[in-house]
């Protein structure tokens, strides 16, 4: 137990390009559960969250909406805050990167780093992904697409300021090697070391001139500070960091952060860029950065056009806040993506919440009122069956503590519900209704109900960080010496067919007009000549073997027979095809693409795919049976 020991934790700040869906909201809830747990352990917790509000993508979104960028982000930031509040998150600070104090500190940080030689002016020429706000070299692209999101990239050239990342790379590598807890889970650490740090860091672009919605570089105002240097520094500006000054007492107390909680997709920015920025500012590094997995829609990527985007407020309308909190926390594995569907939500509500927990509380209170007028006491009428219940109840707290220390939140919740399941089993073992029929068993019956009430109270205390409203309702109903006269139903069972009917009304699928084909318009590229096209050699290939690339979550490595040759081709299509279903396919291949290494694996060509507006891919295959090696012209 800590004695007012400080614990400063943050979420990633939500990007204000649109309303957060349930996958985004999960991080708020996860952070809140950890913060509440730490407070229950006696920690003095400061929990910060907020919004990231600058960048080209937001400038474009605002223009599409006919609003100024500030008007646009004001609206989205309000939505983000409303959702965080609705989900009962107990944050202490909600920062916006348009806050005046933050913007002034970012300008001071940029100038300090420039004056000490860590930032210099140059020109950037490379491929830019607008959704990810990131530049990439040709060698970093996967099948010519953004390696992070898989979308199209565009060539970009502009004057920019750069940060000398390599200056601090060795120091960061040493820190990671000597602090095994710094990046969690371990798989994220290995990814950062093997894919980025050990191969060598390139200097990082930290300003832009091609758009204006950002914090101006005060000594060179045609530049705006690039989004990551702006966004990441919120973790220190939010608690009163003053670049070149003393900083507030709060900053001196809270920094370094004890935990940065982020999504796995932005782990590189937090475990490489952010620590290096801190080193340049001569500040200690955060103690731990945890890259949590994603919460995915069960039938694929969430898409507004498919009508399958799930928002937290809609789920709350159906199931209630604590049921949604329980689901997203319980269904997310430690190191793998979780899945959410309406059907699974109903199943968990009915089985875990209404039955295992709700019914347990309801019948315990009902029996206590029926047999003893709502008041029971410890009669000392113990039997052997009580010992195992006591062992489970007393032992659960230590197990939950151990799970939470490792941020295994889902496992901790499972242990608490095992306690409730053990209470239900205890009722079946002791059969209070049978004891009530025998007058000489009255003390034993009272003891059984007393044991149940005390066990459920301990379970409610443990579940409070995860389901705070439910825990309070349970403890209020069980009372202090007397249970409530009429138990409140904690969770109402739902009919899956009725729920799905309402969901279809809420999100009707987009239907194509009969006779019309859905079309996709993409940005036109520069015209080429027939001679340009003639330099590219396309042939039919047959995939004779395929396997996953071990160092990547997106790549498949195929052995493709093209005529009498076999070429090895690496493609970023793992989210759309399994290695097994690739084998035997006839595909269209760009044969004379210069070989390149992707995730350390040599690729000797490119498989051609089509992509729709939702990012779904389909391999291009010949309409009729064609031999491997046939020329495509």
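The values are calculated or read from the model by the stated rules, or taken from the named source; none is laboratory data. A quick note: this is a predicted structure, and the numbers were derived from the prediction, not measured. We place every Cβ from the backbone using ideal geometry, glycine too, and count neighbours over all the protein chains shown.
Within the bounds of segment 410-427, is there any residue that is outside any helix (DSSP H, G or I), under 38 Å from the mean Cα position of the chain (by Cα), within 21 Å of residue 89 (Cα to Cα) and at pLDDT 95 or above?
No, every residue in segment 410-427 fails to be outside any helix (DSSP H, G or I), under 38 Å from the mean Cα position of the chain (by Cα), within 21 Å of residue 89 (Cα to Cα) and at pLDDT 95 or above.
Out of the residues in segment 155-177 that are in a strand (DSSP E or B) and surrounded by 12 or more Cβ atoms within 10 Å (Cβ to Cβ), which is modelled with the lowest pLDDT?
Top of the filtered list is 156.
Those residues that are touching a residue at least 12 places away in the same chain (Cβ under 8 Å) and surrounded by fewer than 17 Cβ atoms within 10 Å (Cβ to Cβ), I need them from segment 314-333; list them, please. Reasoning before the result, please.
The initial filter retains those residues of segment 314-333 that are touching a residue at least 12 places away in the same chain (Cβ under 8 Å), namely 314-316, 318-333.
333 - this is the single residue of segment 314-333 that is touching a residue at least 12 places away in the same chain (Cβ under 8 Å) and surrounded by fewer than 17 Cβ atoms within 10 Å (Cβ to Cβ).
With respect to residue 489, determine if the residue is touching a helix residue (DSSP H, G or I) at 6+ places or on another chain (Cβ under 9 Å), buried (at least 20 other Cβ atoms within 10 Å of the Cβ), within 20 Å of residue 322 (Cβ to Cβ) and modelled with pLDDT of 95 or more. Show your work before the answer.
Details: touching a helix residue (DSSP H, G or I) at 6+ places or on another chain (Cβ under 9 Å): yes; buried (at least 20 other Cβ atoms within 10 Å of the Cβ): no; within 20 Å of residue 322 (Cβ to Cβ): yes; modelled with pLDDT of 95 or more: yes.
Considered against the rule, which asks whether it is touching a helix residue (DSSP H, G or I) at 6+ places or on another chain (Cβ under 9 Å), buried (at least 20 other Cβ atoms within 10 Å of the Cβ), within 20 Å of residue 322 (Cβ to Cβ) and modelled with pLDDT of 95 or more, residue 489 comes out as no.
Here is a check on your reading of the model: is residue 346 closer than 18 Å to residue 500 by Cα and outside any loop (DSSP other than H, G, I, E, B)?
yes
Could you list all residues from segment 100-133 that are crowded, with 17+ Cβ neighbours inside 10 Å, touching a helix residue (DSSP H, G or I) at 6+ places or on another chain (Cβ under 8 Å) and farther than 16 Å from residue 228 by Cβ?
If the condition is that a residue be crowded, with 17+ Cβ neighbours inside 10 Å, touching a helix residue (DSSP H, G or I) at 6+ places or on another chain (Cβ under 8 Å) and farther than 16 Å from residue 228 by Cβ, then 127 is the only one that fits.
Quick check on residue 58: is it crowded, with 19+ Cβ neighbours inside 10 Å, in a helix (DSSP H, G or I) and touching a helix residue (DSSP H, G or I) at 6+ places or on another chain (Cβ under 7 Å)?
Answer is yes for this residue.
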